[in-house]
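Reading through the structure tokens given below for one structure.
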Amino acid sequence: STLYKAWLQYAPIEDRELAAAYSRQLGTIVVDQQQSRVANAAVQELKHACQSMLGIVPNITSEALNSSHLEVRIHVGAAAAAEGAAEGITEAMDRGRADTQLDPEGFTLVHSGQGQQEKLVLIGGSGKGILYGVFHLLRLLASHQPLTGLKVADQPVNRLRMINQWDNVDGTVERGYSGQSIFYENGRFTDNLERVRDYARLLASVGMNAISINNVNVHEIETRFITAEYLPTVAKVADIFREYGITLYLSINFAAPLHIGGVSTSDPLNEEVRQWWKDAADEIYDHIPDFGGFLVKADSEHRPGPFAYGRDHADGANMLAEALEPHGGLVIWRCFVYNCMQDWRDRSTDRARAAYDHFTPLDGRFKDNVLLQIKNGPMDFQVREPVSPLFGSMKETNQVLEFQVAQEYTGQQRHVCYLVPQWKEVLDFDTYADGAGSEVKKITNGSLHGMKYSGIAAVSNIGNDENWTGHTLAQANLYGFGRLIWNPELSSEGIAEEWTRLTFGNDESVVKTVCRMLMQSWPIYESYTSPLGVGWMITPHTHYGPDVDGYEYSRWGTYHFADRDGMGVDRTMATGTGYTAQYFEPNAALYDSLEDCPDELLLFFHHVPYSHMLKSGKTVIQHIYDTHFEGAEAAAGLLDAWTSLEGKVDPERFAQVAQRLADQAEHAKHWRDVINTYFYRKSGVPDDSGRIIY
Ligand code: BDP
């Protein structure tokens, strides 16, 4: 169905002239002899897409031809001096230079000649390069762009491009908003590996190259995934992803030696424990020779970890790293470590401080094959947070950024919230770690501190709903994540437009409307939920719907401190938790200063009276009232915009999205009323426009 195909619709191309040109250019595909399995998958994808879009079955041959064709080959060049810029590569290729360096994941795609002599040449740095080149070509076809004169060279900017599944073997998905797991059902791996394959295609089509397939909270059965009991099945899944250039990882349970290994401890410095992990690694690599490694959540939210033995996180991570090292495996160690049973006794208990306080003292102690995975913000995937101060603070430690494509705190795929603009702000944020120009994107691509491994991971938003993501428009987040981390210079609008064309076709009114809706959606969601960066105010545990004080008097460390006079968290150096000091200057001073702190983060950093004047010229309290009225109205506007597309989008998807948008509009009013009434009663300050009635 159109729901299921997501952005790989391969809709028939009605424009005859264009279809004829494509058919001529792609009717014959010359594939060089020594192809890889990944390249074969790519060629099969191309063939399938040509059938679907053009109604032709390309002739695939290994003979060089004199008539018009597409030539696909893997570049085998001496590793000569890197040509560097993309431009340089195509030009060198044009001149027929064999010694040009092509990234193993990169490709060039060049059109030349006319009529019968017309030729399209796709060269990949490896099978993966060909795969990405084919998907690039297919994007051009689906958005009806001519191939004549084409000259592209491209390669990914970030090395590790990873998806984290939070799937449990019982079939549930932690923070899953689109049905059950596609990997597991009833305590075992699914037999429906076709769906897993289609997922691999979707991920590969946007350049993803790694996946961890089980929840970071590892329960009893999943603890055994790394044993001979489960490895043959894990290997089957790994094989599917391998065909699409995606390396498989597993989340592990730090206490596995104790729980399943018959060892009396999981102390990382204990010899028996260390040997147990080495044996486990040997076993894994027997089944999966290219296994990626372990993803680890330790000492966090009741998960076991090295703290239980008086060891630190470098001890824990290095032990695992040592076991994986002989096989080339990586340890991806999460920094989401904080005390979830706290009371706010003194400044040092600020949850926002936790990751930095735990990890920066360990800089330089991690082995080469350890990467620290850091959530984009210091709290937990809120609609608005500052960037985590850990980025750039550990110059001798490999770092991976973690985003959440799943909309846990941003409407749970019932509300539309296109997150690419938020992620882009994070990547463009200048940490000043090495002075101006030390953006987060230079940390994730490894260039700032010359890291051996680095990249970006995200929590997936898919499940077994027909359309994968619950809300069809939430597909744009998975697509957008892949595209943005391939190249952080792509624009949010550009990615939205690509996705819309591939997903809904090229009707200009559809493209314009859907793109506008996507681009408005994050600001709209922010405006009717928690204000000015303070976060939370959400129903505890389920994290859907407003509950202003839901977390206020609990132990999770997530507060707004609203009283009759004002609100916000004082994180300044002089009077607050001192969190602002974790940033490099000038960010530290910027956030620390009540005058300079950006409005959208004001309540994250400062406690202010309701009458505090924002840079926008409004008081905090009036800002809250206004944004909530406007936000609810704008949410209703999204439904109107979509309704205007009736008849231009197939009925199934039209109805699906319309239903969600209607729910969102209704629910936004609920947020508006709960928040506005709460602050009206707390503060007693009337709304300028008299909209709130007691
Ligand atoms: C929080 C989720 C929780 C996850 C945790 C994590 O609510 O379900 O286990 O993050 O990232 O956002 O480990």
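The values are calculated or read from the model by the stated rules, or taken from the named source; none is laboratory data. Just so you know, these numbers come straight off a predicted model, no measurement behind them. Neighbour counts are summed over all protein chains in view; Cβ atoms, including those assigned to glycine, are modelled from backbone coordinates with ideal geometry. Calculation scope for accessible area: heavy atoms of the full protein, side chains included, ligands and nucleic acids excluded. Shrake-Rupley method; radii C 1.70, N 1.55, O 1.52, S 1.80 Å.
Out of the residues in region 106-135 that are of a type in the set (G, A, S) and assigned to a loop (DSSP other than H, G, I, E, B), state the one that is farthest from V72 (Cα to Cα).
Initially, region 106-135 is screened for residues of a type in the set (G, A, S), giving 106, 112-113, 115, 124-127, 129, 133.
Of the ones still in play, those that are also assigned to a loop (DSSP other than H, G, I, E, B) are 106, 113, 125-126.
On the way: G106: 14, G113: 16, G125: 11, S126: 11 Å.
Among them, the one singled out is G113.
Select the helices (runs of 4 or more DSSP H) contained entirely in region 1-58, then report the ones holding at least 2 residues which are among the small types (G, A, S).
16-26, 37-54
I'm checking my understanding of the structure. Among residues of region 303-320 that are within 27 Å of the chain's Cα centre (by Cα) and either under 18 Å from I374 (Cα atoms) or open to solvent by 10 Å² or more (accessible area, probe 1.4 Å) (or both), which one is nearest to the ligand (Cβ to nearest atom)?
Within region 303-320, the match that is nearest to the ligand (Cβ to nearest atom) is R303.
Say we look at region 366-396 and pick out the residues that are among the small types (G, A, S) and on the phi < 0 side of the Ramachandran plot; which of these is nearest to the ligand (Cβ to nearest atom)? Before you say what the answer is, go through the steps one by one.
The initial filter retains those residues of region 366-396 that are among the small types (G, A, S), namely 377, 388, 392-393.
Next, from what is left, pick out any that are on the phi < 0 side of the Ramachandran plot: 377, 388, 393.
Details: G377: 11, S388: 13, S393: 20 Å.
For region 366-396, the residue satisfying everything is G377.
Among the residues in region 81-88, are any farther than 23 Å from V206 by Cβ, open to solvent by less than 70 Å² (accessible area, probe 1.4 Å), touching a helix residue (DSSP H, G or I) at 6+ places or on another chain (Cβ under 9 Å) and at pLDDT below 85?
yes
Read through the list (1) at pLDDT 90 or above; (2) open to solvent by 60 Å² or more (accessible area, probe 1.4 Å), then give the number of the only condition that C50 fails.
Here C50 meets the rest and fails (2).
Conditions tested, residue by residue: (1) within 16 Å of the ligand (Cβ to nearest atom); (2) buried (at least 22 other Cβ atoms within 10 Å of the Cβ); (3) at positive phi; (4) at pLDDT 95 or above.
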residue	(1), (2), (3), (4)
N398	no, yes, no, yes
F403	yes, yes, no, yes
Y409	yes, yes, no, yes
R414	no, no, no, yes
C417	yes, yes, no, yes
L427	no, yes, no, yes
G437	no, no, yes, yes
I443	no, yes, no, yes
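Quick one: Q155 ticks every box in (1) over 20 Å from C50 (Cα atoms); (2) out of contact with any Gly (no Cβ under 6 Å at 6 or more places or on another chain) bar one, so which box is it?
Q155 satisfies every listed condition except (2).
Any idea which residue in region 641-694 is modelled with the lowest pLDDT, counting only those that are farther than 17 Å from Q412 by Cα, open to solvent by 60 Å² or more (accessible area, probe 1.4 Å) and out of contact with any helix residue (DSSP H, G or I) (no Cβ under 9 Å at 6 or more places or on another chain)?
Ranking the candidates gives I693 first.
Examine region 538-553 for a residue that is open to solvent by less than 10 Å² (accessible area, probe 1.4 Å), aliphatic (A, V, I, L, M) and in contact with a Gly (Cβ under 7 Å, 6 or more places away or on another chain), and state whether such a residue exists.
yes
Name every residue in region 262-287 that is under 11 Å from M319 (Cβ atoms), in a loop (DSSP other than H, G, I, E, B) and not charged (D, E, K, R), in order of residue number.
Of everything in region 262-287, those that are under 11 Å from M319 (Cβ atoms), in a loop (DSSP other than H, G, I, E, B) and not charged (D, E, K, R) turn out to be S266, P268, L269, N270.
Kindly check whether there is at least one residue in region 615-634 that is assigned to a loop (DSSP other than H, G, I, E, B) and open to solvent by less than 20 Å² (accessible area, probe 1.4 Å). Give the steps one after another, and end with the answer.
In the first step, residues of region 615-634 are kept if they are assigned to a loop (DSSP other than H, G, I, E, B); the result is 615-618.
Now narrow it down to the ones that are open to solvent by less than 20 Å² (accessible area, probe 1.4 Å): none.
No; the residues of region 615-634 include none that is assigned to a loop (DSSP other than H, G, I, E, B) and open to solvent by less than 20 Å² (accessible area, probe 1.4 Å).
Does region 448-467 contain any residue that is without any contact (Cβ under 8 Å) to a residue 60 or more places away in the chain, more than 16 Å from the ligand (Cβ to nearest atom) and under 22 Å from Y132 (Cα atoms)?
Looking through region 448-467, none of the residues is without any contact (Cβ under 8 Å) to a residue 60 or more places away in the chain, more than 16 Å from the ligand (Cβ to nearest atom) and under 22 Å from Y132 (Cα atoms).
Could you check region 432-452 and list, in sequence order, the residues that are among the hydroxyl-bearing types (S, T, Y) and farther than 28 Å from I182 by Cβ?
Residues satisfying the conditions are Y432, S438, S447.
Just give me the residues in region 343-361 being within 16 Å of the ligand (Cβ to nearest atom), open to solvent by less than 10 Å² (accessible area, probe 1.4 Å) and either free of Cβ contacts under 8 Å to residues at least 60 places away in the same chain or in a loop (DSSP other than H, G, I, E, B) (or both), in sequence order.
Listed by number, the list holds a single entry, F359.
Take the conditions without any contact (Cβ under 8 Å) to a residue 40 or more places away in the chain, among the charged types (D, E, K, R) and more than 16 Å from the ligand (Cβ to nearest atom) and apply them to E272. Does it pass?
So E272 fits the description; yes.
Among residues belonging to region 565-583 that are in contact with an Asp or Glu (Cβ under 9 Å, 6 or more places away or on another chain) and more than 17 Å from G535 (Cβ to Cβ), point out the one that is most open to solvent (accessible area, probe 1.4 Å).
Selected residue: A574.
Checking A588 against (1) open to solvent by less than 20 Å² (accessible area, probe 1.4 Å); (2) of a type in the set (G, A, S); (3) in contact (Cβ under 8 Å) with a residue 40 or more places away in the chain, which single condition isn't satisfied?
It is condition (3) that A588 fails.
Per-residue answers, yes or no, for (1) closer than 30 Å to T190 by Cβ; (2) in a loop (DSSP other than H, G, I, E, B); (3) in contact with a strand residue (DSSP E or B) (Cβ under 8 Å, 6 or more places away or on another chain):
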| position | (1), (2), (3) |
| --- | --- |
| P104 | no, yes, no |
| L137 | no, no, yes |
| G149 | no, yes, yes |
| A153 | no, no, yes |
| R161 | yes, no, yes |
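Matching residues to (1) without any contact (Cβ under 8 Å) to a residue 24 or more places away in the chain; (2) touching a Ser or Thr at 6+ places or on another chain (Cβ under 9 Å); (3) within 16 Å of the ligand (Cβ to nearest atom):
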site: G124; (1), (2), (3): no, yes, no
site: I163; (1), (2), (3): no, yes, yes
site: W166; (1), (2), (3): no, yes, yes
site: G179; (1), (2), (3): no, no, no
site: G187; (1), (2), (3): no, no, no
site: R195; (1), (2), (3): no, no, no
site: I221; (1), (2), (3): no, no, no
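Within region 493-512, is there a residue that is within 21 Å of Y678 (Cα to Cα), away from the ligand (no atom under 16 Å from the Cβ) and in contact (Cβ under 8 Å) with a residue 40 or more places away in the chain?
no
Name the single residue that is nearest to T539 (Cα to Cα) among those in region 403-435 being part of a loop (DSSP other than H, G, I, E, B) and in contact with a Pro (Cβ under 9 Å, 6 or more places away or on another chain).
Per the stated criteria, the residue is F429.
When region 205-219 is examined, which residues are found to be of a type outside the set (A, V, I, L, M, F, W, C) and either under 16 Å from I260 (Cβ atoms) or within 16 Å of the ligand (Cβ to nearest atom) (or both)?
Those that are of a type outside the set (A, V, I, L, M, F, W, C) and either under 16 Å from I260 (Cβ atoms) or within 16 Å of the ligand (Cβ to nearest atom) (or both): S212, N214, N215, N217, H219.
Collect the residues in region 523-570 that are within 16 Å of the ligand (Cβ to nearest atom) and either among the aromatic types (F, W, Y) or more than 30 Å from S492 (Cβ to Cβ) (or both), keeping them in residue-number order.
Of everything in region 523-570, those that are within 16 Å of the ligand (Cβ to nearest atom) and either among the aromatic types (F, W, Y) or more than 30 Å from S492 (Cβ to Cβ) (or both) turn out to be W536, P540, H541, Y544, D547, G550, Y551, S554, R555, W556, G557.
Can you name every residue in region 323-337 that is away from the ligand (no atom under 16 Å from the Cβ) and in contact with a Phe, Trp or Tyr (Cβ under 8 Å, 6 or more places away or on another chain)?
Of everything in region 323-337, those that are away from the ligand (no atom under 16 Å from the Cβ) and in contact with a Phe, Trp or Tyr (Cβ under 8 Å, 6 or more places away or on another chain) turn out to be A323, L324, H327, G329, L330, V331.
Return the total of residues in region 286-302 being modelled with pLDDT of 95 or more and either within 16 Å of the ligand (Cβ to nearest atom) or not hydrophobic (A, V, I, L, M, F, W, C) (or both).
Adding up the residues that qualify gives 11.
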